[in-house]
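Q: Structure in structure tokens, see below.
Any read-out appearing in this document is the output of simple, stated calculations on the displayed coordinates, not a laboratory observation. Given the structure is predicted, the values throughout are model-derived calculations rather than measurements. Note: ideal-geometry Cβ built from the backbone for every residue, glycine included; neighbour counts use all protein chains shown.
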Amino acid sequence: MFRISSLFLIFAVIFSNKVSAGPFTDNLTRCIVVSTSDDDYKKLVNWIFRVVSEHPHIKSNVGDVYSKIQKIKADVNLAEIFTKLLTRRCKTEAIQAFKYEQDIALFESFKMLGEISMQKMMEDPAVSKSVEEFTKYMDEEAIEKLFE
């Protein structure tokens, strides 16, 4: 039987290799993607960053990024999004997908939601600009020689 803890596994392996899914998973994924608001996507990105900021290497470099209250708020927001999508916006699709394709349906659907959330974050002009900042420190000659 599906357990809620399985949902948390989804984001732990958000960028893992593609697993085979079927038509019910596709329907659930489509419903989840189109039923997620821009505000929901922002909350998802915030939660992803909140979780990543727990990595010991990040903590050792920048300290605690989120306060205890901010962590709880991010977790509550994510729980509300999952609940809303599974029990209201995509209820029929969720029931069918789980009935015929079990946990893989939820895994794949929320994996796609995480990927789209990250894509939306990376499309932000401030983030895009920041992504390119490292290139000014690269050894261009060494890179050019690589492709000669």
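Q: Which net charge results for the neighbourhood of residue 67, defined as the other residues with beta-carbon distances under 15 angstrom from its beta-carbon, given Lys and Arg at +1 and Asp and Glu at -1?
A: Net of charged neighbours comes to +2.
Q: Oh, and also: For the peptides 121-127, 44-50, 87-93, what is the packing order when you average, over each peptide's residues, the other Cβ atoms within 10 Å and list the highest mean first?
A: 44-50, 87-93, 121-127
Q: If you don't mind, there's one more thing I want to ask. Rank the residues 109, 128 as a footprinting-exposure proxy: fewest other Cβ atoms within 10 Å of their Cβ go first.
A: Least to most surrounded, the residues fall as 128, 109.
Q: Still on this structure: Straight distance only, please: which aspartates and glutamates reach the Cα of residue 136 with their own Cα at less than 17 Å, same-chain residues fewer than 8 apart left out?
A: Counting by Cα, and skipping residues close in sequence, residue 136 has these aspartates and glutamates nearby: 144.
Q: Can you compute log10 of I(q)/I(0) for region 92-148 with the Debye formula, treating each Cα as one identical point scatterer, at q = 0.17, 0.23, 0.29 Å⁻¹?
A: Each listed q maps to, in turn, -0.72, -0.88, -1.03.
Q: Gap in Å between the Cα centre of region 28-47 and the Cα centre of region 110-141?
A: Centre-to-centre (Cα) distance: 19 Å.
Q: Short version: ³J(HN,Hα) in whole Hz for each residue of region 96-110, in order, from phi by Karplus 6.51 cos²θ - 1.76 cosθ + 1.60 (θ = phi - 60°), x for Gly and Pro, what are they?
A: 5, 4, 5, 4, 9, 10, 6, 4, 4, 5, 5, 4, 5, 5, 6
Q: I need 73, 99 ordered by Cβ neighbour count within 10 Å, fewest first.
A: Least crowded to most crowded, the residues run 99, 73.
Q: I've got another one for you. Based on DSSP H runs of at least 4 residues, each adding -39500 (n - 2.57), what is the mean residue ellipticity at 222 nm of the chain after dividing by all its residues, to the nearest 500 deg cm²/dmol?
A: -23500 deg cm²/dmol
Q: For the pairs 68/120; 43/111; 59/129; 42/68, flag any whose C-alpha to C-alpha distance is greater than 21 Å.
A: Checking Cα-Cα distances, 68/120; 59/129 exceed 21 Å.
Q: How large is the dipole of the chain about the Cα centre if only Lys and Arg carry +1 and Asp and Glu carry -1, each at its Cβ, rounded to the nearest 20 debye?
A: Computed charge dipole of the chain: roughly 980 debye.
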